[in-house]
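Shown next, in C-alpha cells, is the structure this report addresses.
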There are 2 protein chains.
Amino acid sequence: MTSETTSSTDALPRIAPQRGMPEQVRIYEVGPRDGLQAEAVRVPTAVKAEFVRRLVEAGLTTIEVTSFVSPRWIPQLDDAHEVLTAVGRLDGIRLPVLVPNERGLERALAAGAREIAVFASATESFAKNNLGRDMAGVLAMFEPVVRRARSAGLPVRGYVSMCFGDPWEGDVEPRKVASVARGLLDMGCTSLSLGDTIGTGTPGHVLELLDTVRGAGIPLERTALHFHDTYGQALANVHAALTAGVTEFDSSAGGIGGCPYARSATGNLATEDLVWMLRGLGIHTGVDLNALAATSRWMAHHLGRPSPSRVVTALA
Amino acid sequence: MTSETTSSTDALPRIAPQRGMPEQVRIYEVGPRDGLQAEAVRVPTAVKAEFVRRLVEAGLTTIEVTSFVSPRWIPQLDDAHEVLTAVGRLDGIRLPVLVPNERGLERALAAGAREIAVFASATESFAKNNLGRDMAGVLAMFEPVVRRARSAGLPVRGYVSMCFGDPWEGDVEPRKVASVARGLLDMGCTSLSLGDTIGTGTPGHVLELLDTVRGAGIPLERTALHFHDTYGQALANVHAALTAGVTEFDSSAGGIGGCPYARSATGNLATEDLVWMLRGLGIHTGVDLNALAATSRWMAHHLGRPSPSRVVTALA
C-alpha cells in the first residue's frame, strides 16, 4: 500500500470540453481589494503592490487593486493611493479600483486610476445598514460618480451585492436584482457584477436570476457573477452560469477575504479552484496555475494562516 | 454597519427548481465506513453505532456501516461485527457493508449483513498497489464473493475507484472504467458507484464518462457517483451529473474521511453541502439539515477536529 501521489499540477486531468460552453472566460481577480479588505491582518503597502505584480505574472489580466473608501471604514486599505501608484501602469492589464463616492473618485483619479467600480446592493436592508440610506439614495449617490468617471473616459463596473440572499431580509427576488442592475446600466455603468454575498444560492437560483436579468434586457456579455463559497456552492454555481453563457467570473487568489458585513461569510471563490475547473473544461483563462498557487502560498504566509483554497492545499 | 446574519438553516434559500433535473436523489451515506476508515482517531464502537442511529434520525436511508476488511489493513474498523450487531435492523433502512474477499463476506453474513459492497478500481496500478494483483485477478477474486452474496439474496454494489485519475497513472480512459463496470455487472453486482478517488475530475470529465458508460450499455439508474473535494470540484461534478440523469450520489456526513492511499486526498464530498445544493434545486432527499449538521458537529468532537464541511461551518 505505497503511495506516490502526484502533488503538483502534474495531477491536472486532461482536457474534456463540454458542449455549449464558452471557449474563453475572463477572470476578474478581486484578491487585492475584496480579499485583503476582509482579512484581519493589515498587509504592508509594498506586499500589496508585489501581490498585484505576481498576479499579473501568473497570467491574470484584470485585477481590482484597492478601494478608495474612507480609512475609517476599512483601515486595511488605507494606502490605496500608494498601492495604485506603486503598481503603476502595466501594458494590457486592467487595474480597476473601487470608489464609494465622489470624494473616492477624486482620490482614485489623482492616483492614476483608469477604471473604477461602484458597489450597490439588491436590498434595502444592506443599503441602509451599510451606506445609511435607502436604495434610491444609494443610486442617487452613485449617479454623479459614474457620470464624472465616464466623462473622464473610464469604464465603470457596477456591483450588485446580495443578489441571492441577504442576512437581514433572507430571500431576494430576482426582479429586484434586475431593477438595480438596470439602474446602474442606465446611469452609465459599462459592466455589472452580480454577487451572492452570503453564499446561499444554488445553481437553480443562478439560472433563474440569469433568466430574469436577460428578460429585463440586460446583456449577459456585460454581466459577471461573483460567488462566495460559504456553503460550498460557488463552483457548482459557476458551472450552471457557464451553461447559460456567462463568460466573466470574480474570484480571489487563494480564496482570501469574504464579506466583512456578514458574520458567517467565508472567503470568495478561490481563483485556483475556478481555474482548475475551467481548465478541465478546456476553457482558456491564460492563468499559470503553479505560479498562481505559489503566489497564494506567499500571501498566506503574510496573512499568517493557510489558504482556504482546496487546489492550493492539494498542490502544496 | 451592524450584522445580524442568520446562522441556522433560516439562511436556506427558497427553492428554485431547474429544468431537466431529477425530482428525487438517493444519498448513499459513506461516513461511518469510508469516512471513519480514513481518520487518524479510532472511534469507540458505541460511538460508531450511535453515529449510524443519528444519521438515520436525520433522514438518511442508505448508510454504509463498516468494512469487514482485515483489522491489519484498517485498524479503525476492527470492530465491524460489533458495530453492525449494535446497530441491528432498522425498518426501511439499507445498511450495506464493504467486504474485501470471501473471508470478509463470511464475517459480514455472520454479523447479519443484508447488503454488501465490493471495491474494484479502474486502473492496474491501484489494483497492484493495494490488492497485490492485476485487474483480472481482482475481478476473479470478487467473482465468488458476488456469486455467494447474490445466492444469499443480498444486493451487491460494485465500487470502481480511480475513474478520473490515478496517483500512479494520471489520466484514466473512460473506456477502462466502462470495462470494469461491465465486468462487475456481468458478475452479478446490482448497482455501481464510480469514484473520483483523487478528486481531479471536472464536469466535462463527468459528462464524458457518463456518455461512455451509457454507450457501453450500463444503465445510469444503477450507477451512483462518488466525488472527493480535494480540488473543490465535487459539487460542480454532481451538478453536471444531475443534468445527465444520475440520481444517486455518495457523500460523507461532515465531509469526514478521504482516500487513505492518496496522500493529497482530502475528504469526501460533505453530505450537508450536497443536501444544500439539492434542496435549492427542489430535489427531495428526505434529510433534515439541522439534525445532520448537529450529528457532524458531535462526530467532529469525537474526532478532535472541526468538520471540513462548508455548510456545517456556516451553520455553526
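What follows draws every value from the coordinates through simple rules; no lab data is involved. Since this is a predicted model, take the numbers as computed values, not measurements. Methodologically, a virtual Cβ is constructed for each residue, glycine included, from the backbone with ideal geometry; neighbour enumeration extends over all protein chains shown.
Could you name the aspartates and glutamates in cross-link range of A:K48, using Cα to Cα under 15 Å and dropping any fewer than eight places away on the same chain?
A:E29, A:D34, A:E39, A:E57, A:E64, A:D78, A:D79, A:E82
Given only helices, namely DSSP H runs of n ≥ 4 each adding -39500 (n - 2.57), what is the per-residue ellipticity at 222 nm of the protein assembly as shown, to the nearest 500 deg cm²/dmol?
On the way: 22 runs with 246 residues, N = 632.
Calculated from helices alone, the mean residue ellipticity at 222 nm is -12000 deg cm²/dmol.
In segment A:37-83, which trypsin sites (Lys or Arg not before Pro) are in a loop and have at most 10 other Cβ atoms within 10 Å, using DSSP for the loop call? Don't jump to the answer; show the numbers that get you there.
Details: sites: A:R42, A:K48, A:R53, A:R54, A:R72; in loops: A:R42, A:R72.
Listed in order of number, the matching sites are A:R72.
So for chain B, averaging the separation of alpha carbon pairs under 8 Å that are six or more residues apart and normalising by length, what relative contact order in percent results? Display every interim value, and only then the final one.
Details: 639 pairs, mean separation 69.4, N = 316.
Reported relative contact order: 22 percent.
Give the cross-link partners of B:K176 among the lysines, using a straight C-alpha distance below 17 Å as the criterion and excluding same-chain residues fewer than 8 apart.
Leaving aside lysines fewer than 8 places away in the same chain, those within reach of B:K176 are B:K128.
Please report, in debye to the nearest 20, how large the charge dipole of chain A is about its Cα centre when each Lys and Arg carries +1 at its beta carbon and each Asp and Glu carries -1 there. Don't skip to the end; give the middle numbers.
On the way: 30 positive and 34 negative charges, 101 e Å.
Here the size comes out at about 480 debye.
In peptide A:127-136, what is the residue-averaged number of other protein chain Cβ atoms found within 10 Å of each Cβ? Numbers along the way, then the final one.
On the way: counts 0, 0, 4, 3, 1, 1, 0, 0, 0, 0.
Mean inter-chain Cβ contacts per residue within 10 Å come to 1.
For label points placed 7 Å from Cα toward Cβ, what is the shortest-first list of nm distances from A:R305 to its copies?
1.8
Averaged over its residues, how many other protein chain Cβ atoms are within 10 Å of peptide B:234-245's Cβ atoms?
On the way: counts 4, 11, 16, 5, 3, 11, 6, 0, 2, 4, 0, 0.
So the per-residue partner count for this stretch is 5.
Using a 10 Å Cβ count of at most 11 others and DSSP loop calls, identify the longest part of chain A lacking such GluC sites (Glu not before Pro).
Values: sites that count: A:E4, A:E23.
Excluding the exposed sites themselves, the longest stretch runs over A:24-316.
Rounded, prolate or oblate: pick one for chain B, where a ≥ b ≥ c are the square roots of the eigenvalues of its C-alpha gyration tensor, a/c under 1.5 means rounded, and failing that, prolate if a/b is larger than b/c, else oblate. Don't skip to the answer; put the middle values down first.
Numbers: a/c = 1.58, a/b = 1.21, b/c = 1.30.
The shape class here is oblate.
Are there any trypsin sites (Lys or Arg not before Pro) in segment B:80-113 that are in a DSSP loop and have at most 11 other Cβ atoms within 10 Å? List them by number.
On the way: sites: B:R89, B:R94, B:R103, B:R107; in loops: B:R89.
Those satisfying the criteria are B:R89.
Where both partners of a DSSP beta bridge lie in the protein assembly as shown, what percent of those bridges are antiparallel, to the nearest 5?
Values: 6 of 63 bridges.
Here the share of antiparallel DSSP bridges comes out near 10 percent.
Tally the DSSP beta bridges in segment A:84-179 and give the antiparallel ones as a percent, rounded to 5. It would help to have the intermediate numbers written out before the result.
Values: 2 of 10 bridges.
Taking every DSSP beta bridge within segment A:84-179, about 20 percent pair in antiparallel fashion.
Identify, among B:G20, B:V69, B:I93, the residue whose Cα sits farthest towards the positive end of the charge dipole of segment B:1-137, taking +1 on the Cβ of Lys and Arg and -1 on the Cβ of Asp and Glu, with the dipole about the Cα centre.
Selected residue: B:V69.
Among DSSP beta bridges whose residues both lie in segment A:174-316, state the antiparallel percentage, nearest 5.
Of all bridge pairs located within segment A:174-316, approximately 10 percent are antiparallel.
Please get the size of the charge dipole for the protein assembly as shown, origin at its Cα centre, with Cβ charges of +1 on Lys and Arg and -1 on Asp and Glu, quoted in debye to the nearest 20.
On the way: 60 positive and 68 negative charges, 15 e Å.
Around 60 debye, computed over the protein assembly as shown.
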